[in-house]
Amino acid sequence: MTVQKMLASNGKEDFNLFAITQVQLDAAAEVLELDPALHALLREPVREMHITFPVRMDDGTVQMFRGFRVQYNDARGPTKGGLRFHPNETIDMVRALAAWMTWKCAVVDIPLGGGKGGVACNTKILSKGELERVSRAYVRQMGRILGPEMDVPAPDMYTNPQVMAWMVDEYSVMQGHNDFGVITGKPLPLGGSKLRNDATARGGMYCIREAANALGINTQGATMAIQGFGNAGQYAAILGQKILGATIVAISDSKGGIYDPNGINPFHAIEHKLATGTIRDFTAEGAEPISNQDLLELDVDILAPSAMENMITSRNADHIRARIVAELANGPTVPEADNVLYQNGVYVIPDFLCNAGGVIVSYFEMVQNAYGYYWDEATVDARLDAKIAAAFQAVHKRAQELGVNNRVAAYCVAVERVAEAVRLRGWA
Ligand code: NAD
């Protein structure tokens, strides 16, 4: 495998995420014996837009911002994917995430393609007014390629329902009428969906339930370690306890973690994180400090990487002792580590299946917007469960049939569906 590997100045292994998505696709293309022209088409985004736009700052000066939108593949429907506001946003990062969105929508069989967007900006130093003007200016430039029938953004890193509300308002002004379906992850009064907030973790818990059933593991009292304690990690702790009956024995964030074999109360942990900004020193109820590295290597039933990409590498893969690795984060495991985990019998639920709950409920939000009729919580929950459980079963079955790891199997299921749409449309 020819992953473009770079050694960062601090000596830490680093990887180009877009190159990783291409290597992962190549592995599936080989198994599927994909036609070379089709394979070449699926290795690259079909469309990208790069913009530069001015924003008036609070002090009266005008600052230029750079933004991107990548529409990776729209053969199966309008592209769908989050919008990130991050100072180090790069086009390769956005391309990688757009590619994963394509495979994610296909693997859970929703009629959407994959997209992603970003603005290079630091939300920590923008005032609320500046953030609103950046959000509106992005839509004024990018709006010409957005729309419920074309490309539908959603919140992602450092964007939130308020940002989505400003954007849907700006887009509606441009259209001359309300067009709520252009963006998902909106506040409820503007056409948001019930259960959107915890949908990513909720879908992950349903995948873990299915995996545990397949492996004969009882999740009641099963031990669970969670790396990362933001949106995905916090809801994973709450729902891991509620849906699976698991005992949360370890949690970490970027500053460090805590470990308690008797179980950590997720609600108290969240309160502490909100009050102090980190989980690291929440030891009042008997937990001990633990490093992020040691957390990954704990002997637990379930490990849920819910922080960042490139966390399980060839350096630590051999030390992972969890029976199930549920990838709520995008790209936490690099390709070399995948093989080691597979050989060691660790059951990996790959990211674009495990964290697909968010986009499934986003799709439900688009559907509800389209017909102007809103579902109750129980309906959203039951439909999410059915959709992601079916996707899990398709991937699990394919992995058994082909004798490949779950990531390759998930790619096979997803790529086959996109390839079929591309073929039927006569693109390759
Ligand atoms: P977030 O910013 O809310 O939380 C990230 C958490 O990870 C924070 O607690 C942070 O302190 C922690 N963290 C950062 N670096 C770390 C490190 N080196 N070690 C341990 N912890 C570290 O982000 P989020 O929305 O929870 O997203 C987390 C991951 O899940 C990302 O990969 C994201 O792409 C993926 N994801 C999230 C959603 C969603 O709906 N939120 C959907 C799909 C995928």
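Just how far, in whole angstrom, is the stretch 328-343 from the stretch 45-104 if you go by their alpha carbon centroids? Cα centres, the stretch 45-104 to the stretch 328-343: 26 Å. Peptides 40-49, 76-85 ranked from most to least packed, by the mean per-residue count of other Cβ atoms within 10 Å: 76-85, 40-49.
Calculated translational diffusion coefficient of the stretch 14-90 (37 °C, 0.692 mPa s; Stokes-Einstein with Kirkwood radius over alpha-carbon pairs) equals 212 µm²/s. Looking at the chain, the DSSP beta bridges with both ends there are about 55 percent antiparallel. Cross-linked pairs Lys124/Lys255; Lys194/Lys397; Lys124/Lys242; Lys128/Lys186; Lys273/Lys387; Lys104/Lys194: Cα-Cα separations exceed 24 Å for Lys194/Lys397; Lys124/Lys242; Lys273/Lys387. Computed over the chain with a Gaussian network model linking Cα atoms closer than 10 Å, the most mobile of Ser193, Ser306, Ser127 is Ser127.
Under the convention that each Lys and Arg Cβ holds +1 and each Asp and Glu Cβ holds -1, the size of the dipole of the chain around its Cα centre is about 840 debye. Normalise the Debye intensity by I(0) for the stretch 43-180, one equal point scatterer per Cα, no solvent, then take log10 at q = 0.12, 0.17 Å⁻¹ and round to two decimals. These q points yield log10 I(q)/I(0) values of -0.44, -0.87. Among Gly233, Gly185, Gly345, determine the one that fluctuates most according to a GNM of the chain built with springs between C-alpha atoms less than 10 Å apart. For the chain, modelled as a Gaussian network with Cα springs under 10 Å, the answer is Gly345. Membrane-span-like helices in the chain: DSSP H runs reaching 27 Å or more (Cα, own axis), mean Kyte hydropathy at least -1.0? Long hydrophobic helices here: 377-402, 406-425. Working from Cα pairs under 8 Å separated by at least six residues, relative contact order for the chain is 16 percent. Counted by Cβ distance under 13 Å from Thr200, the other residues give a net charge of -1, where Lys and Arg count +1 and Asp and Glu count -1.
Taking square-rooted eigenvalues a ≥ b ≥ c of the alpha carbon gyration tensor, is the chain rounded, prolate or oblate, where a/c under 1.5 means rounded and, failing that, a/b exceeding b/c means prolate? Judged from the Cα gyration tensor, the chain comes out rounded (a/c under 1.5). Working note: 222 nm ellipticity from helices only, DSSP H runs with n ≥ 4, each -39,500 (n - 2.57), summed and divided by the residues of the chain, gives -14000 deg cm²/dmol to the nearest 500.
Listed peptides 266-279, 91-104, 50-63 appear in the order 91-104, 266-279, 50-63 once ranked by packing, highest mean of other Cβ atoms within 10 Å at the front.
Under the classification rounded if a/c is under 1.5, otherwise prolate if a/b is larger than b/c and oblate if not, where does the stretch 196-254 fall, given a ≥ b ≥ c as square roots of the Cα gyration tensor eigenvalues? Oblate is the answer for the stretch 196-254, as a/c is 1.5 or above yet b/c matches or exceeds a/b.
3J(HN,Hα) along the stretch 111-127: x, 9, x, x, x, 6, x, x, 10, 7, 7, 10, 5, 6, 10, 8, 6 Hz, from the Karplus curve 6.51 cos²θ - 1.76 cosθ + 1.60 with θ = phi - 60°, whole Hz, x for Gly and Pro.
All of the numbers you see were taken from the coordinates with simple rules; none came from a lab. Keep in mind it's a predicted model, so treat the numbers as computed, not measured. Positions of Cβ are backbone-derived with ideal geometry, glycine not excepted, and every protein chain shown enters the neighbour counts.
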